[in-house]
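Below is one structure, written out as C-alpha cells; comments come after it.
The values are calculated or read from the model by the stated rules, or taken from the named source; none is laboratory data. Remember, it's a predicted structure, so these values are computed and weren't measured experimentally. A quick note on method: Cβ atoms are made from the backbone with ideal geometry, for glycine too, and the neighbour counts reach across all protein chains shown. For the accessible areas, the whole protein counts, side chains as well, though only heavy atoms, and no ligand, DNA or RNA atoms are used. Shrake-Rupley method; radii C 1.70, N 1.55, O 1.52, S 1.80 Å.
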Amino acid sequence: MVDAVGSSGIVYGASQSQGDFDVGTLMMMLSLERADSLESQLKDQANQMKNINEEIKMANHFMAEARRLKESAGDKVSNESSATPFKMADGTTVTMTEFFKSRGVSKDTTGNDTKHNKGEWDVNIEHIKTHADSLNSTSQLEMIRLQSLMNKRNQAFEMASNVMNKLSGVMDKIIGNMR
C-alpha cells in the first residue's frame, strides 16, 4: 500500500523531490494515489457495515426477547425491563427500553408504561421487524457500495501495474537495442 504524502498526495510530493515525470510514470503515480484514496474510503465503509451489522444483531436480539416476554406474559403482562440487555461490541449494554427510544423504534404505549400484554407485544414485535427490515435493506445497499469501492480500487492498482509493465517493456527494448 502506498501512503499519501500529506494532503497534497503522492504526485505532488514526488514531483517536488525528483522533478518532472514522463506521462507513463505520472499515470502510474496518479493511479496509486487514487488507490490510496479509495483504500481510506473502503475502511470507512467497512466500519459503517460493521455498525449496521451490530444494529441488526441488536434488533434480532430484542425481537427474540419480545417473543419470549410475550409468551411469559400469558393472560397478564410482562415488563420490558425483564428483557436481557444487548451487549455492544464496545462493552456497553442497551436495554430494550433504550433500544426503542434511542433507535426511534415505535412501541405500544397503552398504559403509558413498559408493561405489555400479548397483543401489545405483537405490536412491538412488528415494529422491531420493520426496523430490522430497514436495517437489512440499508445493509444491502452499503454492501453494494463496498463492492463498488473495491472494484474501483482494484482497477486503480491494475492500471498502475499495466503502466509499470509497459514502462518496463519499453526499457527492456531500449536496453536490447543498445546491445
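Here are some notes:
- Grouping the Cα pair distances of region 94-147 into 5 Å bins from zero gives a pair-distance distribution of 4, 18, 23, 21, 12, 9, 6, 4, 2, 0 percent in increasing distance order.
- Placing unit charges on the Cβ atoms of the charged side chains and taking the dipole of region 19-117 about its Cα centre, the candidate lying farthest along the positive direction among N51, T92, A35 is T92.
- When the residues V23, V123, V170 are ordered by accessible surface, computed with a 1.4 Å probe over the protein chains alone, the sequence from largest down reads V23, V170, V123.
- Length-normalised contact order of the chain in % [C-alpha pairs under 8 Å, at least 6 apart]: 31
- Exposure check, 1.4 Å probe, all protein chains in place: D36 carries approximately 30 Å² of accessible surface.
- Residue order for R67, R179 - accessible surface, 1.4 angstrom probe, largest first: R179, R67
- Out-of-range pairs (alpha-carbon distance over 20 Å; input K43/K101; K50/K101; K50/K70; K57/K87): K43/K101; K50/K101; K50/K70
- Average Cα contact separation per residue, region 18-113, under 8 Å, 6 or more apart, as relative contact order %: 15
- Within the chain: Cβ-based charge dipole about Cα centre, in debye rounded to nearest 20 (Lys, Arg +1; Asp, Glu -1): 300
- Figure note: S78, S161, S72 ranked by solvent-accessible area, largest first, 1.4 Å probe, ligands and nucleic acids not counted: S72, S161, S78.
- Here the chain exposes an accessible surface that is 52 percent carbon and sulfur, computed with a 1.4 Å probe and the other protein chains kept in place.
- For region 103-179, lysine pairs separated by 8 or more sequence positions, or belonging to different chains, with Cα-Cα distances below 22 Å total 6.
- Annotation: per residue accessible area for region 27-97 equals 55 Å², rounded to a whole number [probe 1.4 Å, protein chains only].
- Treating r as the C-beta distance of D22 and N47 and R0 as 30 Å, the FRET efficiency rounds to 0.20.
- In order through region 129-136: 3J(HN,Hα) via Karplus (6.51 cos²θ - 1.76 cosθ + 1.60), integer Hz, x for Gly, Pro: 4, 4, 4, 5, 4, 4, 5, 5
- Eligible aspartates and glutamates near K76 by straight Cα distance, threshold 12 Å, same-chain separation 8 or greater: E120
- Fully extending the segment from D90 to K115 would add 6.1 nm, taking 0.36 nm per residue of separation and subtracting the current Cα-Cα distance.
- Here the Gaussian network model covers the chain, with springs between Cα atoms less than 10 Å apart; of F21, F62, F100, F21 fluctuates the most.
- With Cα atoms, 0 to 90° folded angle of helix 9-18 axis to the chain main axis: 20
- Nearest 10 degrees, 0 to 90: helix 23-73 Cα axis against the chain principal axis: 10
- Scaled radius of gyration (Cα, divided by 2.2 N^0.38 Å) that the chain gives: 1.74
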